[in-house]
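Read the structure below first, then the notes.
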Amino acid sequence: MARAFKVARLQDVPPGSMKAVRVSNRDVLIINLDGVLYGVEASCPHMRYPLQLGSLKGRALRCGFHYAEFDVASGEVLSQPIDGESPVRNLRTYRVSVEGPDVTVELPD
């Protein structure tokens, strides 16, 4: 069963932006793509670089360190890091919703 946590106000995550939040000992990156909110783990699984320092192009989130790319909806790896190290895994994803002015994230127990 999942638990929901209020993590931000909707006005703090305008369309086209990303916001890193800490919730229940997890770092989650909230992404607003044209009014649709997504949640993924906030660090690249390759070398733990903060993904909010990367870039968005459509649903592709690019790590700013070794340029691994991930689909923000599914967490799926779209391209591996350019350094040739071992393959990177998919990102963990989290359900995000809006309740009034509040953004909530669901985390598994």
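The values are calculated or read from the model by the stated rules, or taken from the named source; none is laboratory data. Quick caveat: nothing in here was measured; it's all calculated off a predicted structure. Methodologically, a virtual Cβ is constructed for each residue, glycine included, from the backbone with ideal geometry; neighbour enumeration extends over all protein chains shown.
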Residue pairs meeting the criteria (Cβ under 6 Å; at least 6 apart or on separate chains; first crowded, with 18+ Cβ neighbours inside 10 Å, in region 57-84; second in a loop (DSSP other than H, G, I, E, B) and among the hydroxyl-bearing types (Ser, Thr, Tyr)): CYS63/TYR49; PHE65/TYR49
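Of all residues in region 58-96, which are part of a strand (DSSP E or B) and either closer than 25 Å to PRO108 by Cα or of a type in the set (A, V, I, L, M) (or both)?
Of region 58-96, the ones part of a strand (DSSP E or B) are 60-62, 69-71, 77-79, 93-96.
Correct list: ALA60, LEU61, GLU69, PHE70, ASP71, VAL77, LEU78, THR93, TYR94, ARG95, VAL96.
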Which ones in region 71-99 are modelled with pLDDT of 95 or more and at positive phi? GLY75
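Please find, within region 92-106, the residue that is nearest to SER43 (Cα to Cα) out of those that are out of contact with any helix residue (DSSP H, G or I) (no Cβ under 8 Å at 6 or more places or on another chain) and buried (at least 18 other Cβ atoms within 10 Å of the Cβ).
THR93
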Scanning region 97-109 residue by residue, those part of a loop (DSSP other than H, G, I, E, B) and either touching a Leu at 6+ places or on another chain (Cβ under 6 Å) or closer than 21 Å to ALA8 by Cβ (or both) turn out to be GLY100, PRO101
Given the criteria free of Cβ contacts under 8 Å to residues at least 40 places away in the same chain and not charged (D, E, K, R), does MET1 qualify? no
When every residue in region 1-51 that is outside any strand (DSSP E or B), of a type in the set (A, V, I, L, M, F, W, C) and under 16 Å from VAL98 (Cα atoms) is compared, the one farthest from the chain's Cα centre (by Cα) is LEU10
